[in-house]
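Asks: This structure is in structure tokens; I'll ask about it shortly.
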Amino acid sequence: MHEMSIAQSIAEICEQNAGGRRVLAVVLEIGELSNILPESLEFCFDACSRETLLDGARLEIVRVPGRGRCASCAGEFPLKALYDPCPTCGGYGVEIVAGEEMTVKELEVE
Amino acid sequence: MCTTCGCGPEQQHDHDHDHEHGHDHEHGHVRGQGHHHGHGHHSHTHAHHSPDENTRKISIETDILAKNNRLAAANRALFRDQGIFVLNLVSSPGSGKTAILEKTLKDLGGRYRFAVVEGDQQTDNDAVRIAATGAPVKQVNTGAGCHLDAHMVLHAVETFDLGQLDILLIENVGNLVCPASFDLGEHHKVVVLSVTEGEDKPLKYPSMFHNSDVMLLNKVDLLPHLDFDPEKCKAYARQVNPGIRIFEVSSRTGAGMEGWYQWLTAGLAR
């Protein structure tokens with residue numbers, strides 16, 4: 001349930017950047033390997049945005065698929081889970097190159 | 001107001017310190033050092049009008065964990081300046097983290113100067129157990145929170161005389177998911193897994209095992225009574241993290257603890 005503290009950080013970043021205007025939408029980039037459940041994040045964001053500039057703001061979550069790079073053969077491939085082996089050489093030493101993103105990309109304000 | 005994290009007295013954590021200070025306190029680390037912003041996402045704002053002229057879009061590109069990462073970097077700089085080796089112990093509840101700490105403090109307490117931060121949602125039961133070993137301890141209760149963050153640690157360590165410490169052990173909230181995402185400024189995460197849990201835990205909770213440098217496989221004295229296959233468990237852990245160091249230990253009998261102590265001693269010397 002760390003979605004609540006993530007939602008609170010998102011609300012804080014939005015408040016700092018909204019310049020006192022009402023926020024209509026928030027665009028987030030959330031990697032598929034980031035341990036964030038979008039439904040849970042939406043629920044927590046609704047809860048912690050009440051009676052703030054963010055009240056009623058739409059949350060748009062852009063998912064970033066996981067990508068890994070093999071430490072043995074340097075090949076890049078889609079990564080569904082951290083324990084996936086390299087499809088080319090079967091190695092397990094996989095560096096994550098994408099999929100861990102947790103970023104506030106954009107705000108739409110009044 | 002706190003100069004490192006900007007928190008005001010109303011957000012303040014319990015200040016039951018045994019030394020006095022006002023609220024405009026310094027944290028004693030070299031400011032301006034080590035303030036990185038997570039994945040290099042510096043906040044840069046620019047606004048442009050959207051097709052609907054009544055609204056504007058503001059591009060901000062800010063890492064959601066940037067604040068935690070900034071405070072973790074401040075902690076790391078503080079620990080480096082004070083020459084303290086810092087470990088973040090993570091596991092599911094009941095794996096034996098506190099028992100491992102008690103045994104470690106009992107066996108190495110005469111050789112090194114330890115302090116412990118205990119993270120739990122409620123109670124100071126673990127802090128009472130640690131205090132009985134004679135080591136300085138600070139309990140952090142997270143309430144509804146499922147993990148420690150860098151801000152909590154920043155304030156928890158204010159209670160210690162850092163110049164008098166060699167090793168700081170942070171026992172995180174028992175949870176194999178959330179603590180994986182929050183850097184505290186530690187040198188290493190140490191994941192504890194007990195043989196009374198499933199051997200496939202590393203695959204079920206891969207982030208934690210991926211982000212940890214050491215795994216302590218605890219309660220091995222119970223193996224004769226269980227179907228747990230330690231070799232399979234270690235293979236799963238290495239599948240998620242090929243470089244992970246694994247020590248099979250029993251905090252109850254002391255079996256295997258010597259390897260862990262040697263690793264601790266070597267880490268301290270670096």
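Derivation of every value follows stated rules applied to the coordinates shown; laboratory data play no part. All of these numbers come straight from a predicted model, not from anything done at the bench. Ideal geometry is used to build each Cβ from the backbone, glycine not excepted, and the neighbour counts take in all protein chains shown.
Asks: Can you give the average number of partner chain beta-carbon atoms within 10 Å of each beta-carbon in peptide A:97-107, as a whole number? Can you show the working numbers first?
Replies: Values: counts 0, 0, 0, 5, 5, 9, 10, 9, 6, 6, 8.
Taking the mean over all residues of the peptide, I get 5.
Asks: Follow-up. Starting from the amide H of B:I60, placed 1.01 Å from N in the peptide plane, find each other amide H under 5 Å away whose residue is 5 or more places distant or on another chain.
Replies: A:E106, A:L107
Asks: Translational D (Stokes-Einstein, µm²/s) of region B:82-143 at 37 °C and 0.692 mPa s when Rh comes from the Kirkwood sum over C-alpha pairs?
Replies: Numbers: Rh = 12.3 Å.
Here the translational diffusion coefficient equals 268 µm²/s.
Asks: Turning to a different aspect of this structure: Please arrange A:D84, B:D161 by counting, for each residue, the other beta carbons lying within 10 Å of its beta carbon, fewest first. Walk me through the numbers before you get to the answer.
Replies: Values: A:D84 17, B:D161 12.
With the fewest neighbours first, A:D84, B:D161 line up as B:D161, A:D84.
Asks: Go through B:232-243, B:198-209 and give me the packing order, highest mean Cβ count within 10 Å leading.
Replies: Working: B:232-243: 17.8, B:198-209: 20.4.
For the peptides B:232-243, B:198-209, the packing ranking is B:198-209, B:232-243.
Asks: Apply 1/(1 + (r/R0)^6) to the Cβ-Cβ distance of A:E110 and A:I61, taking R0 = 30 Å, and write down the FRET efficiency to the nearest 0.05.
Replies: 0.85
Asks: While we're on this one: Under the rule of at least 5 residues apart or a separate chain, name every residue whose amide H is placed under 5 Å from the amide H of A:M102.
Replies: A:G31, B:I64
Asks: Measure nothing but the geometry: give the 0 to 90° angle between the long axis through the Cα atoms of A:38-49 and the longest principal axis through the Cα atoms of chain A, rounded to 10°.
Replies: Result, in degrees: 30.
Asks: Next up: If you take each beta carbon of peptide B:217-228 and count the beta carbons of other chains within 10 angstrom, what is the mean? Provide the component values of the computation, followed by the final result.
Replies: Working: counts 0, 0, 0, 0, 0, 0, 0, 0, 0, 0, 0, 0.
Mean shielding by partner chains, rounded to a whole number: 0.
Asks: Per q in 0.08, 0.10, 0.12 1/Å, what log10 I(q)/I(0) does a Debye calculation on the alpha-carbon atoms of the protein assembly as shown return?
Replies: -0.45, -0.70, -0.99
Asks: Follow-up question, since we're still on this one. Taking the dipole about the Cα centre of the protein assembly as shown, with the C-beta of Lys and Arg at +1 and of Asp and Glu at -1, give me whichever of A:H2, B:I246, B:Q164 is farthest to the positive side.
Replies: Of A:H2, B:I246, B:Q164, it is B:I246.
Asks: Next question. For chain A, state what percent of all Cα-Cα pairs lands in each successive 10 Å bin, counting from 0 Å until the bin that includes the largest distance.
Replies: 15, 38, 22, 16, 8, 1
Asks: With an 8 Å Cα cut-off and a minimum separation of 6 or more residues, compute the relative contact order for region B:101-237 in percent. Write down the numbers at each step before the final one.
Replies: On the way: 202 pairs, mean separation 29.3, N = 137.
Computed over region B:101-237, the figure is 21 percent.
Asks: With 10 angstrom as the radius, rank B:M215, B:M257 by how many other C-beta atoms surround their C-beta, starting from the fewest. Please report the intermediate quantities before stating the final value.
Replies: Values: B:M215 25, B:M257 19.
With the fewest neighbours first, B:M215, B:M257 line up as B:M257, B:M215.
Asks: Here's another thing I want to ask about it. Compute the angle between helix A:3-17 and the longest alpha-carbon principal axis of chain A, please, reported from 0 to 90 degrees and rounded to the nearest 10.
Replies: 60 degrees
Asks: Going by how many other Cβ atoms sit within 10 Å of their own, how do B:K219, A:K105 line up, fewest first? Let's see the in-between values first.
Replies: Details: B:K219 24, A:K105 17.
Ascending number of Cβ neighbours within 10 Å: A:K105, B:K219.
Asks: Which residue fluctuates most in the GNM of chain A (Cα springs below 10 Å): A:S34, A:S72, A:S49?
Replies: A:S72
Asks: Give the separation of the Cα centroids, region A:33-110 to region B:120-173, in Å.
Replies: 31 Å
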